[in-house]
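These notes concern the structure reproduced below.
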Amino acid sequence: MAETIRAAERRKQHLTTLWAMPLLVLPVAITSGYLTAITTNMNAGLAVTLVISVLALRRIYRTKGSTWATGAAGERRTRWILAPLVWCGLGRWAVLHDRQIPRSRANLDHLILGRCGPVYIDTKTWKARNAKVYLRCGQLWYGSHPQQKTLDTVLWEAGRAAEVLGHPVLPVVAVHHAVVPPGGLISSGVTIIPAGELRRFLRALPKAPGWNRARIASAYRLADQQLRPA
């Protein structure tokens, strides 16, 4: 989805360039260059023309990004953070990424299976300048934006994963960029932590009864069958 949005954005930029450069940018650039040349010298005039043209192109092709693209980049970073659990876990951890929820268009970002039982991690890439993540009257806020709907969605997604596994799933939000207080936060039953602390957080969770290597492997096979790649 992120790639589709980016391709559409690029096509729009190409079309803007086709009409804006000959009709707006070049006349202004050439006129400014000519006036500079007759008052100073030819080299200065050419430099002004070139600078105006380059600045105009940079403005046209400036990438604002999209929510999908930003979210996809954050999920890739979370994958890399979680990868050492599987590489060095000797069967004590299993991870599924970007899985489709049955009978829904929604997807699960990251489903972790370990001795702690199943954990669902939803990645959030919150990049607003100077914004912090905090609690106000027990409710989660990101900057000036309340996040109760976000938590309700995470709880719903964790509930769908629990239906598939037949076991409760711990819901977690992993935040990239925005400042989360040390030790994380808990709101509406959801744990909110900095993405960089994920491995430490997961390893510190208490062991769930019966979740040995065989149970983890069995749960992984079940989830892999029921939750198709998105």
LYS124 - accessible surface, heavy atoms, 1.4 Å probe, Å² rounded to 10: 50 Å²
Tilt relative to the chain, helix 2-20 - C-alpha long axis, 0 to 90 degrees, to 10: 10 degrees
Sum of -39500 (n - 2.57) over DSSP H runs of 4+, divided by residues of the chain (222 nm, nearest 500): -16000 deg cm²/dmol
Angle in degrees between helix 67-87 and the longest Cα principal axis of the chain, rounded to the nearest 10: 40 degrees
Principal axis dimensions, the chain - Cα atoms, whole angstrom, descending: 84, 39, 33
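For the pair ILE186 and SER218, what calculated FRET efficiency results from E = 1/(1 + (r/R0)^6), where r is the Cβ-Cβ distance and R0 = 30 Å, to the nearest 0.05?
0.50
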Contour excess over end-to-end distance, with Cα ends at ARG199 and GLU163 and 0.36 nm allotted per residue: 10.5 nm
Pairwise centroid distance, computed over Cα atoms, of the stretch 20-36 with the stretch 104-129, Å: 51 Å
Highest-fluctuation residue, ALA219, ALA20, ALA83 considered, GNM on the chain with Cα pairs under 10 Å: ALA20
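Let's test the formula: R0 of 35 Å, r as the Cβ-Cβ distance of ARG10 and ALA83. What FRET efficiency results, to the nearest 0.05?
0.70
Go through the stretch 160-203 and name the trypsin sites (Lys or Arg not before Pro) that are in a DSSP coil and have 15 or fewer other Cβ atoms within 10 Å of their Cβ.
Nothing satisfies the criteria.
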Accessible solvent surface per residue of the stretch 81-230, calculated while the other protein chains remain in place, 1.4 angstrom probe, Å²: 52 Å²
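The values are calculated or read from the model by the stated rules, or taken from the named source; none is laboratory data. For clarity, every value in this text was computed on a predicted model and none was experimentally measured. Don't worry about glycine lacking a Cβ; one is built from the backbone with ideal geometry, like all the others, and counts go over all protein chains shown. These accessible areas exclude ligands, DNA and RNA; they are computed on the full protein's heavy atoms, side chains included. Shrake-Rupley method; radii C 1.70, N 1.55, O 1.52, S 1.80 Å.
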